[in-house]
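The values are calculated or read from the model by the stated rules, or taken from the named source; none is laboratory data. On a predicted model such as this, the values are computed, not experimentally measured, just so you know. All Cβ positions, glycine included, derive from the backbone under ideal geometry; neighbour counts span all protein chains shown. Side chains are part of the model used for accessible areas, which takes the heavy atoms of the whole protein and leaves out ligands, DNA and RNA. Shrake-Rupley method; radii C 1.70, N 1.55, O 1.52, S 1.80 Å.
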Amino acid sequence: MPAVKVRKERAEEVKRKLKVLGIYDGKRRPLREGLYVLLPVTDAEKAGKLGLEVLDVELPLRPERQIYKNLETVLRERLTEEELKYLRRYDIIGDIAVVQIPRELEHCVDDIVWAIRKLHPFVRVIARRGFHTGEFRVRELEVIWGEPRLETIHRENGVAIKVDLSKVFFNPRMKGERYRLAQLVRDGERILIPFAGVLPYALVIARYRRVHITAVELNPDAIRLGIENIELNKKRLRGEIEVIEGDAFEVLPTLPNYDRVISPTPRSVDALALTLDKAERWLHYYEFVHEDEIGAFRERILRECKRQGKECALRVKKVSDFKPHVFKVCADIEVKRKH
Ligand SMILES: C[S@@+](CC[C@H](N)C(=O)[O-])C[C@H]1O[C@@H](n2cnc3c(N)ncnc32)[C@H](O)[C@@H]1O
């Protein structure tokens with residue numbers, strides 16, 4: 001897909017111009033690359049005529065915020081204004097819709113099912129979501145319509161991901177984040193991914209880059225599905241993925257160091273020292289942080305770098321909302337030097 005490459009200080013101005021000309025592609029996300037920004041466009045020729053550098057790159061689709069708006073629009077004919085306020089975002093994972101229905105909308109379950117089926121005729125299962133529980137971080141789900149199953153194949157970033165939502169963790173909202181990481185990786189890197197789940201990060205990165213990935217996961221069902229996923233995507237993967245079943249806190253100390261470590265850390269687990277220790281060049285560390293505590297999170301990372309004799313630069317990026325004022329963040333930590 002075409003995109004124009006502009007210096008970051010010109011990005012807003014160029015974006016406005018592209019929008020006025022009707023060739024800005026709002027379905028895709030712009031991407032920051034050092035001093036430049038890649039802006040998605042729908043018409044390479046017109047963009048070229050503006051004297052802009054046009055590239056052919058795969059930019060990720062915007063997160064599905066729009067589908068929530070559509071749900072609201074469809075339900076307008078059945079729900080009151082007051083009820084509409086309680087509608088929440090929902091996810092489409094393969095052919096399963098996962099919806100959150102707050103107590104205030106208990107009496108509207110049939111309407112919500114009707115609206116989702118109208119918006120997504122290909123959906124075969126609608127499940128109502130509860131919380132992630134246990135050390136495997138599996139979400140509590142109850143099928144409220146359709147076939148009695150929670151297994152499906154989800155497609156994102158050019159890979160197919162088999163999941164069984166009754167047995168493993170999977171978050172489709174991390175699609176853009178997986179794409180971002182894949183773009184940071186260079187061919188030839190050795191990468192470690194503890195807490196790897198059914199391998200969504202590993203598959204997307206290996207799809208784009210010729211790398212060697214070691215993935216560590218404790219949940220035997222995630223391991224089984226992860227191995228199936230490698231097979232399922234065999235023809236599309238440029239990189240190799242090796243899977244190790246076990247507790248990251250026991251397995252990692254037995255492994256060598258890696259160019260890059262990616263830690264999709266489970267909530268309430270502190271794996272910072274463990275994962276930083278394995279990172280020769282980069283660590284991408286995910287954590288849930290209150291917005292008032294981002295400074296303290298940075299300090300904690302810098303203290304750990306110092307303790308390990310590493311000189312680090314870091315950038316903390318908000319990745320998604322978790323609950324009011326609490327975000328899932330990713331710390332991109334670059335190890336500049338080791339004393
Ligand atoms: C937040 S989920 C992330 C999964 C996957 N990376 C993804 O994004 O879909 C955390 C994963 O870590 C796994 N896990 C929890 N404790 C673990 C441990 N001590 N060692 C290895 N894996 C663990 C869980 O089973 C779960 O699959």
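Measuring gaps between exposed loop sites in the chain (GluC sites (Glu not before Pro); DSSP loop; at most 13 other Cβ atoms within 10 Å), the longest gap, sites not included, is 136-339. Restricting the trypsin sites (Lys or Arg not before Pro) of the stretch 156-186 to loop positions (DSSP other than H, G, I, E, B) with no more than 15 neighbouring Cβ atoms within 10 Å leaves R186.
Note on K306: aspartates and glutamates with a C-alpha under 14 Å away, same-chain residues under 8 apart excluded, are D277, E334.
Accessible surface of the stretch 137-176, 1.4 Å probe: 48 percent of it comes from carbon and sulfur atoms. Here the stretch 248-269 and the stretch 128-151 have alpha carbon centers that stand 27 Å from each other. Looking at the stretch 100-207, the chymotrypsin sites (Phe, Trp or Tyr not before Pro) that sit in a DSSP loop and have at most 12 other Cβ atoms within 10 Å of their own Cβ are F122. When the C-alpha to C-alpha distance is required to be over 27 Å, the pairs from K5/K27; K27/K328; K15/K118; K5/K317 that qualify are K15/K118. Computed over neighbours whose Cβ is under 14 Å from that of P148, the net charge equals -2, Lys and Arg +1, Asp and Glu -1. Rolling a 1.4 Å probe over the protein heavy atoms gives the chain an accessible area of 51 Å² per residue. In terms of its alpha-carbon gyration tensor, the stretch 1-147 comes out prolate; a/c meets the 1.5 threshold, and the first ratio a/b outweighs b/c. Between N257 and R298, the FRET efficiency estimated from the beta carbon spacing at R0 = 22 angstrom works out to 0.40. Only Cα pairs under 8 Å and 6+ residues apart enter the sum, and on that basis the relative contact order of the stretch 1-143 stands at 18 percent. Classified by the C-alpha gyration tensor, the stretch 171-338 has a prolate form. Its axis ratio a/c, with a ≥ b ≥ c, is 1.5 or above, and a/b is larger than b/c. Cysteine residues of the chain whose Cβ has no partner cysteine Cβ closer than 4.7 Å: C108, C330. The trypsin sites (Lys or Arg not before Pro) of the stretch 243-339 that meet both conditions, a loop assignment by DSSP and at most 16 other Cβ atoms within 10 Å of the site Cβ, are R267.
Just the number, please: percent antiparallel of the DSSP beta bridges in the chain, rounded to the nearest 5. Spell out each step's value before the answer.
On the way: 52 of 74 bridges.
Roughly 70 percent of the DSSP beta bridges within the chain come out antiparallel.
The gain in end-to-end length when the E147 to T80 segment is fully stretched comes to 21.1 nm, 0.36 nm per residue minus the alpha carbon separation. For the stretch 86-156, a/c is not less than 1.5, where a ≥ b ≥ c are the root eigenvalues of the C-alpha gyration tensor, and a/b does not top b/c. That puts it in the oblate class.
Relative to the 2.2 N^0.38 Å rule of thumb, the chain has a C-alpha radius of gyration ratio of 1.06.
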